[in-house]
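> Here you go, one structure.
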Amino acid sequence: MKTITCTKALVIAISVGVSLLCITVYAAVTADVLFVGTIPDSKVFNGSATVSTRALTLKPGEKLPWHYHPGFAFNVVKSGTLTVEDGCGGEKTLTSGQGFEEMDGRVHRGKNLSATDVIVYDTFIIPQGKPLTVQIPGGESRCGPPLNVQECRNDGWRKFTHPQSFTNQGQCESFVRRLRETRFQFEKTPY
């Protein structure tokens, strides 16, 4: 009984310590919410959506944890140099005035590899009730989801680990098509 109690106490102590470390690292990044609004009948999400904009500041050497957004994120670098790392590999470096988008829950993280602060304006369009950001547990890198069927081809389907893995190319391509069908339900206007 004492061994089980000591083991439980050790597991709880380690969990609390790791949580505090993650909170401390993430808290070093400054995020100021500038405004929040609601779209009551979003055609994109087939229901209510929340729109919010924030100013995010990363100090030199800071990295965001691996994460994704359960909707759309449109971002513009106001000042400094931001490096965005994709969970599937690859990085892009953006400077003042350049923008990028994060779509469909793609895992990524931002990094400031420069000697000056980076300020980024982020605008999110998220299904109402969902968080702006979902951090990947354990801070591990994950790849996915695929953004198009081309990413599934030539054994590309093998690299995906988020939100699921695939057993073959066809399953990966079906996932992309289903995501596209459920995500974009705009009314078709005949011309």
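The values are calculated or read from the model by the stated rules, or taken from the named source; none is laboratory data. From a predicted model like this one, the values you see are computed outputs, not experimental measurements. Note: ideal-geometry Cβ built from the backbone for every residue, glycine included; neighbour counts use all protein chains shown.
> Output the residue which, of all residues in segment 156-191 that are part of a loop (DSSP other than H, G, I, E, B) and β-branched (Val, Ile, Thr), is modelled with the lowest pLDDT.
The extreme case among them is 189.
> For segment 103-133, give me each residue that is out of contact with any Lys or Arg (no Cβ under 9 Å at 6 or more places or on another chain), outside any loop (DSSP other than H, G, I, E, B) and within 15 Å of residue 65 (Cα to Cα).
The one that is out of contact with any Lys or Arg (no Cβ under 9 Å at 6 or more places or on another chain), outside any loop (DSSP other than H, G, I, E, B) and within 15 Å of residue 65 (Cα to Cα): 108.
> When you check residue 129 against the structure, is it in contact with a Pro (Cβ under 7 Å, 6 or more places away or on another chain) and closer than 19 Å to residue 51 by Cα, yes or no?
no
> So is residue 95 under 15 Å from residue 58 (Cβ atoms) and either assigned by TED's automatic domain parsing to the domain that holds residue 57 or surrounded by 15 or more Cβ atoms within 10 Å (Cβ to Cβ) (or both) or not?
Spelling it out, residue 95 is indeed under 15 Å from residue 58 (Cβ atoms) and either assigned by TED's automatic domain parsing to the domain that holds residue 57 or surrounded by 15 or more Cβ atoms within 10 Å (Cβ to Cβ) (or both).
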